[in-house]
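Undergrad: Once you've had a glance at the structure underneath, I'll fire off some questions.
Please treat every number below as a calculation from the coordinates, not as lab data. Predicted model only: the values in this text are computed from it and were never measured. We place every Cβ from the backbone using ideal geometry, glycine too, and count neighbours over all the protein chains shown.
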Amino acid sequence: MRRIPVAGPWITDKEIQYVTDAVTNAWYANANMYHERFERAFAEYVGAKFAIALPTCTSALHLSLLGMGIKEGDEVIVPDATWIATSAPISYVGATPVFADIDPQSWCLSAESFEACITPRTKAVIPVDLYGGMPDMDAIRALAQRHNIFIIEDAAEALGAEYKGRRAGSFGDTGVFSFHGSKTVTTGEGGMLVTDREDLYRRIQVLRDHGRQPGDRMFWNTEVAYKYKMSSMQAALGLAQLERIEELIQRKREQFAWYQTELAGVDGLTLNKEPHDVRNTYWMVTLVMDQKYGLNKTQLMEGLGKQGIDTRPFFHPLSSIPAYEDSEQAHLARQRNKVVYGLSPYAINLPSALRLTREDIKNVCDCLKDILRHGEN
Ligand SMILES: Cc1ncc(COP(=O)(O)O)c(C=O)c1O
């Protein structure tokens, strides 16, 4: 039986041509030709002054924190519902992650909870544009400005999303993106950091290349730093995908509309929201089930899995997973974060691979409706 995948890219001849050209020609004096084109096109698309291509989004988060000088004793606020890549780099620099609750509509960082988590030690906040949606950026930015807190916008899942006409990734001191194989634009593995701040751009260029100044030919390291670079084959793939970005986003939006149509009229289901001032790019179509169905996310995933349909759980609260559960901050978060704890056990990501057809999505929805009617078996 063919399984319906939860995520996956849309690769065309254009991508194959660009990568073939890179592997053939992007060497010697041309070694950076695709990086330069990809970074320039990306910065322009997002609406930022500078972009730096990196091996992952995790490294972009790490470099953002390093560039801002965040260190042991500092606190950084993250939403409790996100992938651990948002918070792990906070520990890499010796600082402490603080887990704030999410907003019940956007599922992104709640501005109210962010405010409640601020202490004199808070140095940065990392709002996450979850599943292609956007948080209340005006409120988050106003709070960050008032308390002198850096913003690192984690737009890993939201390339092309918009808030009040402005693109995801352009709201912070830095914005970070992922091109992991599951993402709307992929380079296999890869990431990008964008910023308008020339000081951060210059500092991060040194930090990501073993403490060398850009253009250094004497292998002269001014400090011990990191090696975070993307290959030219990946940059070529990323450029080809970026040149197709509107087509890729349109497909995502179309798939979401198919789900909406198929599930219309089923009581007690909530899908991703798109408020009037947001353009959601629906990286993952996400379903929250009413508790009246008597099913949790594990049971729903198992039921769909038996029908050949792959899904993912809505992010478990970071404060609930073994990596953090014993920390003092996780203990506080478990008492405070009512929204994420009320929602996460009953929510899953539905298949959102770019190559899924209308028929695939109808099949997923038919199975889903059947399970909701009759229970898991
Ligand atoms: C919200 C979020 N942040 C960060 C990352 C990390 O991205 P990468 O795997 O490219 O390091 C991901 C990737 O899955 C993500 O979903």
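Undergrad: When only DSSP loop residues count, what chymotrypsin sites (Phe, Trp or Tyr not before Pro) in the range 1-74 have their Cβ near at most 11 other Cβ atoms within 10 Å?
TA: Values: sites: Trp10, Tyr18, Trp27, Tyr28, Tyr34, Phe38, Phe42, Tyr45, Phe50; in loops: Trp10, Trp27.
Passing sites in the range 1-74 are Trp27.
Undergrad: To continue, here is another question. Put a dot 7 Å past each Cα toward the Cβ at Gln145 and His374; how far apart are the dots in nm?
TA: The answer from the label model is 5.7 nm.
Undergrad: Something else: Return the lysines within reach of Lys306: Cα separation strictly under 16 angstrom, same-chain partners fewer than 8 residues apart disregarded; answer none if there are no such residues.
TA: Candidates past the 8-residue exclusion: Lys297, Lys369.
Undergrad: What dipole magnitude, in Debye to the nearest 20, does the range 108-158 give about its Cα centre under +1 on Lys/Arg Cβ and -1 on Asp/Glu Cβ? Spell out each step's value before the answer.
TA: On the way: 4 positive and 8 negative charges, 71 e Å.
For the range 108-158, the charge dipole is close to 340 debye.
Undergrad: Hand me the GluC sites (Glu not before Pro) from the range 216-315 located in a DSSP loop with no more than 13 other Cβ atoms within 10 Å, in residue order please.
TA: Glu223
Undergrad: In addition: Would you please name the trypsin sites (Lys or Arg not before Pro) within the range 63-149 that are DSSP coil residues with at most 16 other C-beta atoms within 10 Å of their C-beta?
TA: Lys71, Arg121
Undergrad: Given axes a ≥ b ≥ c from the Cα gyration tensor, I'd like to know whether the range 101-255 is rounded (a/c under 1.5), prolate (a/b larger than b/c) or oblate.
TA: Verdict is oblate for the range 101-255.
Undergrad: Another question, then. Note down the nm distance, to one decimal, between modelled labels 7 Å out along Cα→Cβ at Ala31 and at His276.
TA: Here the modelled spin labels are 5.4 nm apart.
Undergrad: Shifting gears a bit: Name the most mobile residue of Gln234, Gln255, Gln17, meaning the one with the largest mean-square fluctuation, in a Gaussian network model of the chain with Cα contacts below 10 Å.
TA: Gln17
Undergrad: If r is the Cβ-Cβ distance from Gln250 to Ala116 and R0 is 35 Å, what FRET efficiency results, to the nearest 0.05?
TA: 0.35
Undergrad: What are the residues whose amide H is under 5 Å from the amide H of Gly181, where those residues sit 5 or more places off or on another chain and H is modelled from the backbone?
TA: Close amide H contacts, sequence-distant or interchain: Gly188.
Undergrad: Which stretch or stretches of the range 233-247 have amide N atoms under 20 Å from the point lying 7 Å from Val23's Cα along the Cα→Cβ direction?
TA: 233-242
Undergrad: Would you mind giving the average projected area, over all directions, of the Cα convex hull of the range 114-200 in nm² with one decimal?
TA: Numbers: hull surface 25.0 nm².
So the mean shadow area of the Cα hull is 6.2 nm².
Undergrad: Right, another one. Show which aspartates and glutamates lie in cross-link reach of Lys292 when reach means a straight Cα distance below 17 angstrom and same-chain residues fewer than eight apart are skipped.
TA: Lys292 reaches Asp267, Asp370, Glu376.
Undergrad: Which whole number in µm²/s is D for the chain by Stokes-Einstein, with the Kirkwood Rh taken over Cα pairs at 37 °C and 0.692 mPa s?
TA: 153
Undergrad: Further question: Could you go through the range 122-133 in sequence order and give the Karplus-derived ³J(HN,Hα) for each residue, using 6.51 cos²θ - 1.76 cosθ + 1.60 with θ = phi - 60°, rounded to whole Hz, and x for Gly and Pro?
TA: Computed from phi, the couplings for the range 122-133 are 5, 10, 8, 10, 10, x, 10, 8, 5, 6, x, x Hz.
Undergrad: Running Debye on the range 15-146 with equal point scatterers at the Cα sites and no solvent, what base-10 log of I(q)/I(0) appears at q = 0.11, 0.18, 0.20, 0.22 Å⁻¹?
TA: -0.51, -1.03, -1.17, -1.32
Undergrad: What list of ³J(HN,Hα) values in whole Hz, one per residue of the range 139-153 in order, does the Karplus curve 6.51 cos²θ - 1.76 cosθ + 1.60 (θ = phi - 60°) give from phi, with Gly and Pro shown as x?
TA: Result, ordered by residue: 5, 5, 5, 5, 5, 4, 5, 4, 9, 6, 10, 5, 10, 10, 8 Hz.
Undergrad: Can I ask one more? State the Cα centre-to-centre distance between the range 160-234 and the range 61-116 in whole Å.
TA: 19
Undergrad: Would you compute, for the Cα atoms of the range 30-97, the largest minus smallest coordinate along each principal axis and list the three values in descending order, in whole Å?
TA: Principal-axis extents of the Cα atoms in the range 30-97, largest first: 42, 23, 19 Å.
Undergrad: In debye, nearest 20: dipole of the chain around its Cα centre with unit charges on the Cβ of K, R (+) and D, E (-)?
TA: Charge dipole, the chain, about its Cα centre: 380 debye, nearest 20.
Undergrad: Test of understanding: in a Gaussian network model of the chain with alpha carbons linked when under 10 Å, which of Thr12, Thr187, Thr286 would top the mean-square fluctuation ranking?
TA: Thr12
Undergrad: Based on the Cβ-Cβ distance from Glu44 to Ala264, what FRET efficiency comes out when R0 is 30 Å, to the nearest 0.05?
TA: Details: r = 38 Å, r/R0 = 1.27.
Using R0 = 30 Å, I get an efficiency of 0.20.
Undergrad: Further, regarding this structure: How far apart, in nm, are two points set 7 Å out from the Cα along the Cα-to-Cβ line at Gln213 and at Gln335?
TA: With each label placed 7 Å out from Cα toward Cβ, I get 5.3 nm.
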